[in-house]
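Written below as structure tokens is the structure these notes are about.
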Amino acid sequence: MSILTLIIKREYIARVRNKSFLIMTFLSPLILVGMVLLISYLTQLNSEDKRTIVLVDDSGKFETVFFNTDQTTYLNLSDQGLEAGKEVAKEEGYYGLIHIDSNPATAESAVTFYGNETPSFGFVGDIEKRIEKKITDENLIARGIDLNTLETAKSSIDLQIENFSGETSSKMSNWVKAGFGGAAGYLLMMFIIIYGNMVMRSVIEEKTNRIIEVIISSVKPFQLMMGKILGTTLAGITQFSIWVLVGGILLVVLTTVFGIDPSSATAASPAASQAQQIAQDPGMVIEILQEIQKLPLLQLVVGFFIYFIGGYFLYSSIYAAIGAAVDNETDTQQFMLPIIMPLMLGIYVGFFAVIDNPHGTVATVFSIIPLTSPIVMLMRIPFEVPVWQLALSITLLVASFVFTVWFGSKIYRVGILMYGKKPTYKDLIKWLKY
Amino acid sequence: MNSLLVADTVSKTFGDFTALNNVSITVPEGSIFGLLGPNGAGKTTLIRIINQITMPDTGRVLLGGEPLQQHHIRDIGYMPEERGLYKSMKVGEQVLYLAQLKGLSKADAKKRAKHWFEKLEIGDWWDKKIQELSKGQAQKIQFVVTVMHQPKLLIFDEPFSGFDPINANLIKDEILQLRDEGATVIFSTHRMESVEELCDHIALINKSHKILDGEVNSIKRAYQNNTFDVGVQVVDDTAFAKAEQELKAAFKVTPGHFKTLGNERKLRVEMGDKSTPNELLTTLKNHGQVTHFMEVIPSVNDIFIQTVSQNK
């Protein structure tokens with residue numbers, strides 16, 4: 001067995017056998033599923049909460065506008081007047097009271113809501129819209145315009161986008177593409193943050209165990225670093241797969257057993273319910289599916305694997321280099337910023353520059369620079385990237401990974417001689433020259 | 001005798017600090033070589049250079065006649081002063097892993113590990129974790145790890161620190177046996193008396209300079225000064241004073257310190273090349289009964305102190 005395989009194997013086993021690793025591997029999906037179930041349960045409780053609102057309409061025109069829904073019941077007490085209505089609402093513990101002036105089109109305070117708590121934005125907007133629509137319609141009729149005529153006169157334009165080779169796409173496609181890239185970018189960032197730290201700790205391990213001199217007089221630091229990165233990555237992939245698997249199975253089992261719909265957890269906010277409306281619109285779903293089919297799927301999958309693995313390796317090699325420079329974990333804080341910054345930059349550039357102009361200078365440059373390329377290029381790939389840019393970006397990514405590991409191993413070797421001293425950036429540069 | 005290891009005018013500086021200044025040593029094959037000197041003299045730096053952990057600024061190191069290369073690390077077994085093993089790894093797995101890193105096959109490593117564990121009577125530690133062992137027990141594992149791949153050159157930095165006397169002797173015997181089987185051994189220590197009797201050759205290092213090296217016996221011969229510890233039984237103080245006076249006229253005389261059972265007077269007499277032991281004995285005979293007459297062989301410690309003060 002080669003030295004590298006030996007190291008990878010040991011690192012993998014050391015990681016996987018670690019007690020906290022084992023606990024986290026099997027506890028995390030439980031916690032996650034528990035949270036999802038809890039949230040969806042609470043949401044269901046919340047939505048079962050029916051409210052009754054008293055309506056006092058002095059103008060008498062709006063009763064038809066406030067029709068009952070599953071969650072809201074309107075109680076029309078217009079004939080009893082505002083004060084009596086208020087009394088009833090208070091006594092019965094109703095959610096509130098809507099009072100509409102006798103001449104809402106002109107009055108200063110045309111519509112008022114009385115209640116114990118301040119209503120949500122969604123609620124306020126909804127009420128305003130209903131009354132506005134009714135008044136506008138009346139105004140139009142008063143000015144002699146037929147509402148049906150107006151409706152038929154309205155027009156809506158959908159811009160068709162087509163490239164010169166005849167492929168059409170739509171507005172929707174941009175969002176699907178960006179969504180794909182964004183999801184991949186976030187996944188990568190999560191993976192880096194969780195497992196990059198693990199690589200760093202494993203590099204420090206030899207120092208805290210004082211075995212570094214024995215190891216380094218047996219293997220090249222480069223082999224050690226590489227072995228640690230690969231071994232830890234494999235352990236990370238193992239854990240991640242178990243999470244997805246166990247979490248998925250648990251979710252399916254629990255939802256069927258308890259009959260709780262986890263998707264209701266996301267339907268809590270008005271924005272999400274709008275999204276749900278879109279999703280319920282069959283035409284929209286078909287359009288999204290069509291867009292997904294139109295994506296260069298093979299290129300995407302291959303690109304995803306290359307950039308995900310390449311990006312993860314590059315970042316974990318930086319973590320390894322940091323581990324090589326310090327004696328213990330508390331000294332690592334000052335070096336964290338340079339890792340987090342390019343990651344954030346990648347995400348921001350991805351969401352602003354790429355979606356705005358996928359082939360603009362900013363997007364192109366950042367998709368070639370190794371530290372940001374894994375995220376930015378992943379977001380650009382759906383928009384068809386020239387082959388030379390892909391080639392250049394991948395080459396740079398791999399080269400900088402190997403360089404960082406080499407650099408880290410150089411620091412590692414010199415770092416032995418510096419037991420107990422906290423390194424500064426100046427030291428790092430000096431060590432390079434040794 | 002062939003020399004297994006040659007360091008040729010090796011220098012190493014860290015920033016402004018000179019750790020080694022043109023140090024040359026020659027370690028004969030099959031010998032036990034003592035690399036001696038106080039703390040901070042540069043011993044560990046030299047050993048790290050031999051182990052290719054750091055590179056010398058100038059000078060070169062030959063192992064078996066070849067300049068050091070990566071594959072040579074398999075010919076060296078190194079027990080650093082900074083002892084350590086993976087704490088959460090099981091003893092057996094750890095020993096196998098480290099032996100495999102040194103190029104042994106798994107089967108070979110297993111066979112040899114079993115052999116050593118039996119020999120040191122530590123077989124029941126195989127499935128324990130290092131953190132469950134005591135410091136001395138972990139040191140034994142460290143020793144096994146160092147010698148298991150049967151290296152040509154064994155390097156022990158402060159070999160006996162951390163061992164109790166029984167285990168120190170056990171390890172000492174094992175090292176001597178390895179030497180008899182053909183290994184060459186380098187001991188590096190600042191406690192010179194602890195390895196003095198074991199070493200055939202020594203090199204003294206002080207403040208990054210080598211100040212002395214060679215075969216232990218010839219060094220001692222060069223530093224022996226015709227000095228004798230003598231014990232005489234005399235009738236009374238006046239007789240002793242007379243004897244002391246006579247000796248002091250000719251030689252350098254200091255009070256002697258050695259253990260006796262009687263009440264004899266003790267002196268240390270440095271004759272240099274002024275006289276011979278027989279003449280001294282004759283002189284002493286005239287003053288009383290001679291009970292002790294013993295040549296003082298300089299210890300490495302004495303030689304070191306003498307050389308350092310001479311070089312100042």
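The values are calculated or read from the model by the stated rules, or taken from the named source; none is laboratory data. This is a predicted model, so every value here is computed, not measured. Neighbour counts are summed over all protein chains in view; Cβ atoms, including those assigned to glycine, are modelled from backbone coordinates with ideal geometry.
Structure notes:
- B:PHE143 assigned to a helix (DSSP H, G or I), at pLDDT 90 or above and surrounded by fewer than 21 Cβ atoms within 10 Å (Cβ to Cβ): no
- Criterion applied to A:PRO342, A:PRO370 was being at pLDDT 80 or above and either within 14 Å of chain B (Cβ to nearest Cβ) or part of a helix (DSSP H, G or I) (or both), and the one residue passing it is A:PRO342.
- Residue satisfying all of: in the stretch A:207-223; of a type in the set (A, V, I, L, M, F, W, C), farther than 11 Å from B:ARG83 by Cα and part of a helix (DSSP H, G or I); nearest to the other protein chains (Cβ to nearest Cβ) among these: A:ILE216
- Index of the failed condition, A:THR43 passing every other in (1) part of a helix (DSSP H, G or I); (2) modelled with pLDDT of 80 or more: (2)
- Top-ranked residue in the stretch B:247-273 [being touching a residue at least 40 places away in the same chain (Cβ under 8 Å) and out of contact with any Asp or Glu (no Cβ under 6 Å at 6 or more places or on another chain); ranked as surrounded by the fewest Cβ atoms within 10 Å (Cβ to Cβ)]: B:ASP273
- Residues of the stretch A:390-430 that are under 34 Å from the mean Cα position of the chain (by Cα), more than 25 Å from A:GLN223 (Cβ to Cβ) and either surrounded by 13 or more Cβ atoms within 10 Å (Cβ to Cβ) or modelled with pLDDT under 90 (or both): A:LEU390, A:LEU392, A:SER393, A:TYR425.
- A:ASP79 being loosely packed, with under 12 Cβ neighbours inside 10 Å and more than 19 Å from A:SER120 (Cβ to Cβ): yes
- Residue check for B:ALA168: of a type in the set (Gly, Ala, Ser) and crowded, with 20+ Cβ neighbours inside 10 Å: no
- Residue pairs whose Cβ atoms lie under 7 Å apart, separated by 6 or more positions or on different chains, with the first residue in the stretch A:354-368 and closer than 19 Å to A:PHE180 by Cα and the second assigned to a loop (DSSP other than H, G, I, E, B) and of a type in the set (S, T, N, Q), are A:ALA363/A:ASN357; A:PHE366/A:THR372.
- Scanning the stretch B:284-309 for residues that are closer than 23 Å to B:GLN245 by Cβ and not hydrophobic (A, V, I, L, M, F, W, C), we see that the one that is surrounded by the fewest Cβ atoms within 10 Å (Cβ to Cβ) is B:ASN286.
- Boolean, B:GLN137 is surrounded by fewer than 20 Cβ atoms within 10 Å (Cβ to Cβ) and either outside any helix (DSSP H, G or I) or within 11 Å of chain A (Cβ to nearest Cβ) (or both): no
- Boolean, A:SER264 is at pLDDT 65 or above, in contact with a Ser or Thr (Cβ under 7 Å, 6 or more places away or on another chain) and surrounded by 13 or more Cβ atoms within 10 Å (Cβ to Cβ): no
- Assessment of the stretch B:88-99 against the conditions (in a helix (DSSP H, G or I), facing another protein chain (nearest Cβ under 10 Å) and of a type in the set (Asp, Glu)) yields at least one matching residue.
- Which listed residue, of B:ASP127, B:ASP75, is more than 21 Å from A:VAL214 (Cα to Cα) and touching a strand residue (DSSP E or B) at 6+ places or on another chain (Cβ under 7 Å): B:ASP127
- Filtered by the rule that a residue be of a type in the set (Val, Ile, Thr) and free of Cβ contacts under 8 Å to residues at least 40 places away in the same chain, the stretch A:377-407 gives A:VAL385, A:VAL387, A:THR395, A:VAL402.
- Among the residues making up the stretch B:127-161, those that are of a type outside the set (Asp, Glu) and within 16 Å of the chain's Cα centre (by Cα) are B:LEU153, B:LEU154, B:ILE155, B:PHE156, B:PRO159, B:PHE160, B:SER161.
- Test set (1) surrounded by fewer than 19 Cβ atoms within 10 Å (Cβ to Cβ); (2) within 12 Å of another protein chain (Cβ to nearest Cβ); (3) in contact (Cβ under 8 Å) with a residue 12 or more places away in the chain - B:HIS71 fails condition number: (3)
- B:MET192, sole failed condition from (1) touching a Ser or Thr at 6+ places or on another chain (Cβ under 6 Å); (2) surrounded by 20 or more Cβ atoms within 10 Å (Cβ to Cβ); (3) modelled with pLDDT under 90: (1)
- Matching residues, the stretch B:41-66, being under 19 Å from B:ILE211 (Cα atoms) and either touching a Phe, Trp or Tyr at 6+ places or on another chain (Cβ under 8 Å) or without any contact (Cβ under 8 Å) to a residue 40 or more places away in the chain (or both): B:THR45, B:ILE47
- Looking only at residues of the stretch B:108-134 that are assigned to a helix (DSSP H, G or I) and of a type in the set (Gly, Ala, Ser), we find that the one that is farthest from B:ASN169 (Cα to Cα) is B:ALA109.
- Whenever a residue of the stretch B:1-18 is under 16 Å from B:ILE47 (Cβ atoms) and in contact (Cβ under 8 Å) with a residue 60 or more places away in the chain, it has no partner that is exposed (fewer than 14 other Cβ atoms within 10 Å of the Cβ) and acidic (Asp, Glu) lying with C-beta atoms less than 6 angstrom away and at least six residues away or across chains.
- Checklist (1) buried (at least 17 other Cβ atoms within 10 Å of the Cβ); (2) within 12 Å of another protein chain (Cβ to nearest Cβ) applied to B:GLU82, failing item: (1)
- Residues of the stretch B:40-68 that turn out to be within 19 Å of B:VAL147 (Cβ to Cβ) and more than 8 Å from every other protein chain (Cβ to nearest Cβ), as a count: 4
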